[in-house]
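Below: one structure, written as structure tokens.
The values are calculated or read from the model by the stated rules, or taken from the named source; none is laboratory data. Here the structure is a predicted model, which means the values were calculated and not measured. Neighbour counts are summed over all protein chains in view; Cβ atoms, including those assigned to glycine, are modelled from backbone coordinates with ideal geometry. The accessibility values were calculated without ligands, DNA or RNA, using every heavy atom of the protein model including side chains. Shrake-Rupley method; radii C 1.70, N 1.55, O 1.52, S 1.80 Å.
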Amino acid sequence: MENNKEIQPAGSVESLFQPFRFGNVTLSNRIVMAPMTRSFSPGGIPGQNVADYYRRRAENDVGLIVTEGTFINHPAAGNDPNVPNIHDEDALNGWTKVVDEVHGAGGRIILQLWHVGMQRNVGDQPNPHVPPIGPSGLAVSGVKVTGPMTKSEIHTVIEAYAQAAFNAKRLGFDGIEIHGGHGYLIDQFFWKKTNQRTDDYGGNLVDRTRFAVEVIEACRRAVGTDFPISFRLSQWKQGDYTAKLVETPEQLADFLTPLVKAGVDFFHCSARRFWEPEFEHSSLTLAGWVKKLSGKPTITVGSIGLDQDLISSLFQGKETKNTNIQNLITRLEKGEFDLVAVGRALLADPAWPVKMRDKRMNEILPFSREVLKTLV
């Protein structure tokens, strides 16, 4: 690093290393490994290399690991045969090794449940003959690809989520996260542009939460009352980074209320840049507003500790440098959010937490696209 002062926090990082109660478990600190698709699980089976990858983060003091998105047991859930699933016997055995490795290193890990919906293209593996599904058969662009999901299909997918949640608890995970953002299936029900249904699963903003509510309720029944359920949400979508589900705090409150009632314990609030205010006339971030309005703890995420957002670093090919994190620490100490999810910085350097803790910021390795080619 050319300038050590650029990456030295102005204040103490101690607040990042305070314990936190996450459901029925206690985390050693506030640092979360964000879920990041890696595609290193051929046939949907996480191998020893995946177990080692997650163990290295636990060994280096990540308080909570959220796994990469994991496909539920539905033929149209996925669009990549190298992304892990949570239903095949070999995949379940692979995840057992992951859990054992992370717990053996003193870490905690929750499994993210994923259905890509209309983000799947016609002909995508691993089931090329299965068409994509979505609330209205509309891609994020608004283009019609297939017909709307039938109520029978909706109920089948809900049961697949419940099965995945049950499997996660049976394998020893410390909780689950339901992916409800980024324009994937659940988010497609939320968003008016992709949900034009006129039945019980469409309508106004609150009505469009019904599918998510039934998914959450089914998962809660499958895992019981004391198993943590995190819900990931975002305003932006894959391919539309200016998209917004809600325009005002009042709309956000309306949106969150049914999800809380359904059984969400935590909200994982995905933004491209965590520090950006979500609404006018307030400095509160998305995670800050969600915590304030829902009464639930929140996880913030989005370019934490880096000098540019995901899109710039991936698609413009720029090396991403580490930056001052005082803004993050200040907001955490004020209680704006509770946990801090780190993505690309942890991909590049598994030891990011211990280097932060020990004030060795000049030793933190930078992120570049080359990091994505291997499981460091």
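If you go through segment 219-227 one residue at a time, do you hit one that is surrounded by 15 or more Cβ atoms within 10 Å (Cβ to Cβ), free of Cβ contacts under 8 Å to residues at least 40 places away in the same chain, part of a loop (DSSP other than H, G, I, E, B) and within 19 Å of the chain's Cα centre (by Cα)?
Within segment 219-227 (the criterion being surrounded by 15 or more Cβ atoms within 10 Å (Cβ to Cβ), free of Cβ contacts under 8 Å to residues at least 40 places away in the same chain, part of a loop (DSSP other than H, G, I, E, B) and within 19 Å of the chain's Cα centre (by Cα)), the answer is no, since none of the residues qualifies.
Please enumerate the residues belonging to segment 39-78 that are surrounded by fewer than 20 Cβ atoms within 10 Å (Cβ to Cβ) and touching a Leu at 6+ places or on another chain (Cβ under 8 Å).
Across segment 39-78, the qualifying residues are Phe40, Asn49, Asp52.
Please go through segment 115-137 and pick out each residue that is within 23 Å of Thr70 (Cα to Cα) and open to solvent by less than 20 Å² (accessible area, probe 1.4 Å).
Within segment 115-137, His115, Val116, Gly117, Met118, Arg120, Pro132, Ile133, Gly134, Pro135, Gly137 meet the criteria.
Out of segment 228-257, which residues are over 23 Å from Leu339 (Cα atoms) and assigned to a helix (DSSP H, G or I)?
Glu250, Gln251, Asp254
For segment 101-114, which positions are in a helix (DSSP H, G or I) and either open to solvent by 10 Å² or more (accessible area, probe 1.4 Å) or more than 13 Å from Phe173 (Cα to Cα) (or both)?
Those that are in a helix (DSSP H, G or I) and either open to solvent by 10 Å² or more (accessible area, probe 1.4 Å) or more than 13 Å from Phe173 (Cα to Cα) (or both): Glu101, His103, Gly104.
Please specify each residue of segment 129-147 satisfying the condition of being of a type in the set (Ser, Thr, Tyr) and either touching a residue at least 40 places away in the same chain (Cβ under 8 Å) or in contact with a strand residue (DSSP E or B) (Cβ under 7 Å, 6 or more places away or on another chain) (or both).
Across segment 129-147, the qualifying residues are Ser136, Ser141.
If I ask for residues that are surrounded by 17 or more Cβ atoms within 10 Å (Cβ to Cβ) and not aliphatic (A, V, I, L, M), which ones from segment 329-356 would you list?
Scanning segment 329-356 gives Arg331, Glu336, Phe337, Asp338, Gly343, Arg344, Asp349, Pro350, Trp352, Pro353, Lys355.
Could you grab me the full set of residues in segment 50-100 that are part of a strand (DSSP E or B) and either more than 20 Å from Tyr161 (Cβ to Cβ) or β-branched (Val, Ile, Thr) (or both)?
If the condition is that a residue be part of a strand (DSSP E or B) and either more than 20 Å from Tyr161 (Cβ to Cβ) or β-branched (Val, Ile, Thr) (or both), then Leu64, Ile65, Val66, Thr67, Thr70 are the ones that fit.
Yes or no: Thr146 polar (S, T, N, Q), at negative phi and open to solvent by 40 Å² or more (accessible area, probe 1.4 Å)?
No: the conditions fail for Thr146.
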